[in-house]
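Remarks on the structure that follows.
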Amino acid sequence: MRTPVILVTFLLAALSAGAAQAHAFLDHASPLVGSTLRTAPREVSLSFTQNLEPAFSNVQVTDAAGARVDQGKAQISGNTMRIGLKPLGPGSYRVRWHALSVDTHTTEGSFSFTVGGS
Ligand SMILES: [Cu+2]
């Protein structure tokens, strides 16, 4: 009776391969990744490909000098993470996010956007 064992092993491998592709990757962001905005955004909103664990996911926004310009506490609901911003002057800003998805995998990334621009 070796066939059932092999079959189960194959199914487990297939399942874990599927889970590996299900990390919480950034699906889309507002402001758009790399965008230049004429008016300063009031918040940054990130949508992920999977639901997030609120206690272990966060986002920070910094200006060109590295100072925090977010309001400190991300709001996380389902697959969306948003954070309020202080009033932003012209310049370039970086968004750094760290996510723990419900499948217990962590992902992180960053992108920038620009306010003002000529
Ligand atoms: Cu995953």
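The values are calculated or read from the model by the stated rules, or taken from the named source; none is laboratory data. Quantities reported herein were computed from a predicted structural model and do not represent experimental measurements. Backbone-built Cβ (ideal geometry, glycine too); neighbour counts: all protein chains shown.
Things worth noting here:
- Scoring Ala65 on the criteria (1) among the hydrophobic types (A, V, I, L, M, F, W, C); (2) more than 10 Å from the chain's Cα centre (by Cα); (3) not in a loop (DSSP other than H, G, I, E, B) leaves a single failure, condition (3).
- The residue that is nearest to the chain's Cα centre (by Cα), counting only those in segment 43-62 that are surrounded by 15 or more Cβ atoms within 10 Å (Cβ to Cβ) and within 16 Å of the ligand (Cβ to nearest atom), is Phe48.
- Restricted to segment 82-103, and to residues there that are of a type outside the set (D, E, K, R) and free of Cβ contacts under 8 Å to residues at least 40 places away in the same chain, the residue that is nearest to Val44 (Cα to Cα) is Tyr93.
- Scanning segment 105-118 for residues that are assigned to a strand (DSSP E or B) and either within 16 Å of the ligand (Cβ to nearest atom) or exposed (fewer than 14 other Cβ atoms within 10 Å of the Cβ) (or both) yields Thr106, Thr107, Glu108, Gly109.
- Residues being surrounded by 15 or more Cβ atoms within 10 Å (Cβ to Cβ) and not in a strand (DSSP E or B) - total across segment 81-104: 2
- The residues of segment 42-62 that are under 15 Å from Thr114 (Cα atoms) and either part of a loop (DSSP other than H, G, I, E, B) or modelled with pLDDT under 95 (or both) amount to a single one, Arg42.
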